[in-house]
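Student: One structure coming up, written as structure tokens, with questions to follow.
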Amino acid sequence: MNLGKQILKIRKDNKMSQEEFAEIFNVSRQTISSWENSKSYPDIETLIKISNKFQISLDILIKGDEKMVKTIDNQVKKSKILIKILIAFFLLIISSILIFYFIYRDRLYYFFKLPELGVVCTYDHDFIDYSIRYYKISNRPIGGGGTVGQTEAMREATKIVNKIKIGDFKKVEDQAEYVKSIYEQKGATCKLIYYKNTEDYINKISKLQSDFQDSLNSN
């Protein structure tokens, strides 16, 4: 008995109309009619639902219907091919990303980090600026950098702050306060400055440095 006759028998044995049968499997009455007349076949998922609903094994449902068996076999083969294609595509994407990263990682590093906070310190004739950048990818601030300083005290302070590594601080503000405290312990006068980008930072530092130089000249 082919699949169409099996479906017809199941429906009639359960005293159901085509509309009632169709409603169970979320298809139209015309689809049920097409199944029963072997003009089309349910997909594998629907076959499993029919099997579970009416407690009939899949083997009994499709037994004797060579055309249906071939159809299912083709669907399984196509599914396997599709899975292989998707896996290959996924591996290609991952490989491309890794290759791109290793080739351009330095550029990416500078692209994904943005200056956010700076520490400006003055000591005697020294003007120290230390910028802290926020690394978006790791969500951590990274060790900044700036001028070293001419006096021994400022050089010692700079050596200490230059030991800061990525991950030592969770917040830019915490790192800035730490840097500020190190320079202040060496006798410097420090303050924090916020900025939007590198250009903004340079402009603010240049202005502060110019004001500092003017104050030295006036003295």
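A short reminder: the numbers here are calculations on the coordinates, not readings from a lab. Please read these numbers as outputs of a predicted model, since none were measured by experiment. All Cβ positions, glycine included, derive from the backbone under ideal geometry; neighbour counts span all protein chains shown.
Student: Taking 0.36 nm per residue of separation and subtracting the Cα-Cα distance, what length does fully extending E19 through Q209 add?
Tutor: Working it through step by step, the gained length comes to 60.0 nm.
Student: Moving on. Can you flag which of K5/K49; K5/K39; K186/K207; K171/K191; K39/K84; K39/K77 are past 20 Å Cα-Cα?
Tutor: Too far apart for the 20 Å limit: K186/K207; K39/K84; K39/K77.
Student: Can I ask one more? Read phi for every residue in the stretch 49-61 and hand back ³J(HN,Hα) as whole Hz from Karplus 6.51 cos²θ - 1.76 cosθ + 1.60, θ = phi - 60°, with x for Gly and Pro.
Tutor: Result, ordered by residue: 5, 4, 4, 5, 5, 10, 6, 10, 5, 4, 4, 5, 4 Hz.
Student: What does the charge dipole of the stretch 3-65 about its Cα centre add up to, to the nearest 20 debye, if the Cβ of each Lys and Arg holds +1 and the Cβ of each Asp and Glu holds -1?
Tutor: Taking the Cα centre of the stretch 3-65 as origin, the dipole is about 220 debye.
Student: Now, a different point. Can you compute the label reach from N52? Point 7 Å from Cα along the Cβ direction, backbone N cut-off under 19 Å, restricted to the stretch 15-41.
Tutor: Correct set: 21-27.
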